[in-house]
Amino acid sequence: MPPEATKAEVDFLVDALACKPGARILDIPCGSGRHSVELATRGYKLTGIDISRENIDAARPKNPNVDWICADMRTLDRKAEFDAAFCFGNSFGYLEHEDTKKFLVALSRALKPGSRFVLQTGPAEVILRCFQEREWWDIGDMIAAQVNRYVPEKSCVETTYTFIRDGKMSVRPGRQFVYTTAEIQRMLSEVGLKPIALFGGPDKKPFELGPHMPLFVTEKN
């Protein structure tokens, strides 16, 4: 991601999360930490959690003052600890439905009353409108390809990923459950995260059908 994209997203987060420098913010899952690193430079206290050891190891040198934790987001066990939280990068929907609900319950429990949570994810209105059976990309010295199949009885996209680098091939499965925008808002509401805004992107334009992942802004009851 280009630096200007990260800056725009963090500018949005600073405004949407509505907390001052010094506040404790949870980035879950944090990936390689680009948002946490930028927020930390602006004076916020960040905790980044990700299941990938590679991601955490890559993030730690970028800012050792961030609390980088390698853990499964389903095991989050904090209570009223954070002033705000966010989940970016389309990291939502890859767990079984019951596990997704458990994660949201744990996330809500980790937030202080009145704090905000922002979710960036692709709902059905994005995933199904932009669905392609086959896609591929050149990523540096690697070729990445994917074959997608939509399973309507499960409301999920099953994917076979193929990675080729230095003549070696790796094939891995993936699955993303598909929720409508209204379903996501209901799931958030059920765990005490009241939806207060829905945007089509960091520019705060209204969400419309298309390729862009919306941003759900919620507030803890």
Legend entry - Filtered residue count, the stretch 195-221, keeping only those that are within 17 Å of the chain's Cα centre (by Cα) and either over 20 Å from L107 (Cα atoms) or in a loop (DSSP other than H, G, I, E, B) (or both): 8
Inset, instruction - Kindly check whether there is at least one residue in the stretch 175-194 that is under 19 Å from F117 (Cα atoms), assigned to a strand (DSSP E or B) and modelled with pLDDT of 95 or more. - result: yes
Legend entry - Hits in the stretch 106-146 - residues which are among the β-branched types (V, I, T) and surrounded by 15 or more Cβ atoms within 10 Å (Cβ to Cβ): V118, T121, V126, I127
Inset, instruction - Within the stretch 156-172, identify whether any single residue is of a type in the set (S, T, Y), under 16 Å from F92 (Cα atoms) and in contact (Cβ under 8 Å) with a residue 40 or more places away in the chain, and answer yes or no. - result: no
Legend entry - Odd one out for D166, checked against (1) of a type in the set (D, E); (2) exposed (fewer than 13 other Cβ atoms within 10 Å of the Cβ); (3) in contact with a strand residue (DSSP E or B) (Cβ under 8 Å, 6 or more places away or on another chain): (3)
Legend entry - Yes/no for V178 being over 15 Å from the mean Cα position of the chain (by Cα), touching a residue at least 24 places away in the same chain (Cβ under 8 Å) and surrounded by 13 or more Cβ atoms within 10 Å (Cβ to Cβ): no
Inset, instruction - With the checklist (1) of a type in the set (D, E); (2) assigned to a helix (DSSP H, G or I); (3) closer than 29 Å to K204 by Cα in hand, flag the one item D83 doesn't pass. - result: (2)
Legend entry - Extreme residue, nearest to A124 (Cα to Cα), among residues of the stretch 204-219 that are without any contact (Cβ under 8 Å) to a residue 40 or more places away in the chain and among the charged types (D, E, K, R): E208
Inset, instruction - Taking the residues in the stretch 36-69 that are of a type in the set (S, T, Y) and part of a helix (DSSP H, G or I) as candidates, determine which candidate is surrounded by the fewest Cβ atoms within 10 Å (Cβ to Cβ). - result: T41
Legend entry - G93 vs. criteria at pLDDT below 95, small (G, A, S) and over 28 Å from S36 (Cα atoms): no
Inset, instruction - Would you kindly identify the strands (runs of 3 or more DSSP E) lying entirely within the stretch 103-164 that contain at least 1 residues that are assigned by TED's automatic domain parsing to the domain that holds V10? - result: 111-120
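The values are calculated or read from the model by the stated rules, or taken from the named source; none is laboratory data. Since this is a predicted model, take the numbers as computed values, not measurements. Because the Cβ atoms are built from the backbone with ideal geometry, glycine has one as well, and the counts that use them run over all protein chains shown.
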